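Scroll down for the structure; my scribbles are underneath it.
The values are calculated or read from the model by the stated rules, or taken from the named source; none is laboratory data. The structure displayed is predicted, hence computed values, not measured ones. Here the Cβ positions follow ideal geometry from the backbone for every residue, glycine too, while neighbour counts run over all protein chains shown.
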Amino acid sequence: MPQPKNYVRTYIVSPIKEFIGDSRAVGITLICCTVISLIISNTGWSGMYTSFWEKELLMPIPEIHLPHTILHVINDAAMAVFFFLVGAEIKRELMIGELSSMRKAILPAVAALGGMVVPAFIYLLWTGKTPYANGWGIPMATDIAFSLGILSLLGKKAPLSLRIFLTALAIIDDLGGILAIAIFYAKDIQLSYLLYAAIIMAILTAMNMLKVKRYYLFYILGAILWYVIYNSGVHATVAGVLLAFTIPLHKIDNLEHALHDPVNFIILPVFALANTAIVLPKEMGFIFSSEIHHGILSGLALGKPLGIIVFSTLAVKAGIAELPMGMSWRHLLGMGMIAGIGFTMSIFMATLAFDLPGIQLVAKVALLRLELKISFLPSGENIGKASKPPSCDIFSRPVPSKFIRYILKGKPLSYSWLDAKMIRLPSAVKFGAQLALPSLVTCCTLLPSASAINTSMLVGATMPCFNRSVYSFTSSSVLGRDARHTIFLPSGENHAPPS
């Protein structure tokens, strides 16, 4: 019989360490927290659960203005630690990493610019004449942890240069988001507190230049910096980035190593739990028809990859940049789609852009549907013919066969990037089918083969239409461990709209 200590180490501690060390762990954890939060929020426990996050905290000194609810503590204080880690990563990359030279930084910078400008522009096309235009920053964001976690599912099929490129792009993207928060989402600016912040930053910079060894002084001044910025009207999380920029470079690696697990497995999961405590209304039509909903979905699903591809193409054609070794344009397109995962950063931007809970609800539902919505359809030698399980084709429409033939030009696509193991779960199939409403702006569809040999995935953006779905954008196909190869098959007459 194993000793208690060995049992705990073997069956509890070691598996947890192994899971945390997996590059996919952060994404899996965030998805689980989101699903758990949504389930609890829409059961009999919803009242107690949502009120917990809004619970007022007792302030030891009422005269000092601090976050007063659990939700505010998470969004204003805990997320400052997350942004401190982001700032540390940005500084390291700028000083000695992939962004340390113009030659290395130019293509990720141009791609990131396109990945911010185009989604914001598309969002404004939907909301420019409405009171919701302030949410343009929501589709700009890229969730670096989530994106890298999904990229890791590709394994050896994703070249190392692609991972490095995505990391650099996401870091620049985060920097753009931080600037947007500091400049455009500041409210009721208090100049006196900004002056205090400038003085503290000057002291921190001088300490760095003088190579002060008492590093605890940086953290004490950092806490004071957080307080004055919190009261200045600029969002307090900016303090985390500013503090990181003043930390000596040789301490950055140690700080990143120390903060990586607490941030990714405590702060971000708690943030996901608190900010996805959403009570979904019984009638969702007003959400799905909202300009905010359309703007966010089309901005992230279509605008991100489009902006990255177009701006990168222009930079390469102009001769100011070149694709990294081992990367192709197909890789760049797939990476652009992965970069469209905003999640934590986009949810955070939504809480800054909109004050009213009802408007935040619309934005969060759009982001959640983008991350969680997968509709499962039957397929076989011909998608248009009935195959198992026929009940999956509930609310969805396949793409017209002419359009597929046009995209393929007679050639099959065999590009694998997603583990389709979950298609074997009936509950997941049912859940995906229920979410695949015809009115969706974005559609993400796995097409499992009845014989488990051919598996395809269509990722596209649809325009809302009463009688049929009009697909306006298509990506490469994908697949999983259970399939031997991946291929798009022309849809037949039984399911497809007229083609």
Discussion item. Given the options Ala180, Ala186, Ala239, name the one that is buried (at least 22 other Cβ atoms within 10 Å of the Cβ), closer than 24 Å to Met349 by Cα and of a type in the set (A, V, I, L, M, F, W, C).
Written reply: Ala239
Worksheet item: Hey, does the stretch 286-298 have a residue that's over 30 Å from Lys213 (Cβ atoms) and surrounded by fewer than 17 Cβ atoms within 10 Å (Cβ to Cβ)?
Response: yes
Worksheet, complete the sentence: Selection from the stretch 223-250 of residues in contact (Cβ under 8 Å) with a residue 40 or more places away in the chain and small (Gly, Ala, Ser) yields Ser232, Gly233, Ala236, Ala239, Gly240, Ala244
Practice prompt. Sort out which residues of the stretch 124-175 are within 14 Å of Gly336 (Cα to Cα) and of a type in the set (Lys, Arg), and write them in order of number.
Written response: Arg163
Worksheet item: Does Ala145 satisfy the criteria of being of a type in the set (A, V, I, L, M) and crowded, with 21+ Cβ neighbours inside 10 Å?
Response: yes
Fill in: Scan of the stretch 99-122 for residues that are more than 20 Å from Lys304 (Cβ to Cβ) and in contact with a Ser or Thr (Cβ under 7 Å, 6 or more places away or on another chain), ordered by number
none
Discussion item. I'd like to check something: does the stretch 76-89 contain any residue that is assigned by TED's automatic domain parsing to the domain that holds Ile320, within 18 Å of the chain's Cα centre (by Cα) and of a type in the set (D, E, K, R)?
Written reply: yes
Fill in: Residue satisfying condition, being hydrophobic (A, V, I, L, M, F, W, C), surrounded by fewer than 24 Cβ atoms within 10 Å (Cβ to Cβ) and out of contact with any strand residue (DSSP E or B) (no Cβ under 9 Å at 6 or more places or on another chain), within set Ile320, Ile341
Ile320
Worksheet, complete the sentence: Reported set for the stretch 90-117 where residues are part of a helix (DSSP H, G or I), of a type in the set (A, V, I, L, M, F, W, C), more than 22 Å from the chain's Cα centre (by Cα) and farther than 11 Å from Leu169 by Cα is Leu94, Met95, Met102
Practice prompt. For Asp253, work out the one condition from (1) in contact (Cβ under 8 Å) with a residue 24 or more places away in the chain; (2) in a helix (DSSP H, G or I); (3) surrounded by 17 or more Cβ atoms within 10 Å (Cβ to Cβ) it doesn't fulfil.
Written response: (3)
Worksheet item: What is the one condition in (1) assigned to a helix (DSSP H, G or I); (2) over 28 Å from Val86 (Cα atoms) that Leu302 does not satisfy?
Response: (2)
Practice prompt. From the list Ser37, Ser41, Ser51, pick out the single residue that is surrounded by fewer than 12 Cβ atoms within 10 Å (Cβ to Cβ), modelled with pLDDT of 90 or more and among the polar types (S, T, N, Q).
Written response: Ser51
Worksheet item: Does Leu314 meet the test of being part of a loop (DSSP other than H, G, I, E, B) and assigned by TED's automatic domain parsing to the domain that holds Pro108?
Response: no
Worksheet entry | Odd one out for Thr127 among (1) crowded, with 23+ Cβ neighbours inside 10 Å; (2) under 22 Å from Ile296 (Cβ atoms) | (1)
Item to complete: Determine which member of the set Val110, Val118, Val86, Val81 is among the β-branched types (Val, Ile, Thr), touching an Asp or Glu at 6+ places or on another chain (Cβ under 6 Å) and in contact (Cβ under 8 Å) with a residue 60 or more places away in the chain.
Response: Val86
Discussion item. Criterion first (touching a residue at least 60 places away in the same chain (Cβ under 8 Å), outside any helix (DSSP H, G or I) and assigned by TED's automatic domain parsing to the domain that holds Trp126) does Glu322 satisfy it?
Written reply: yes
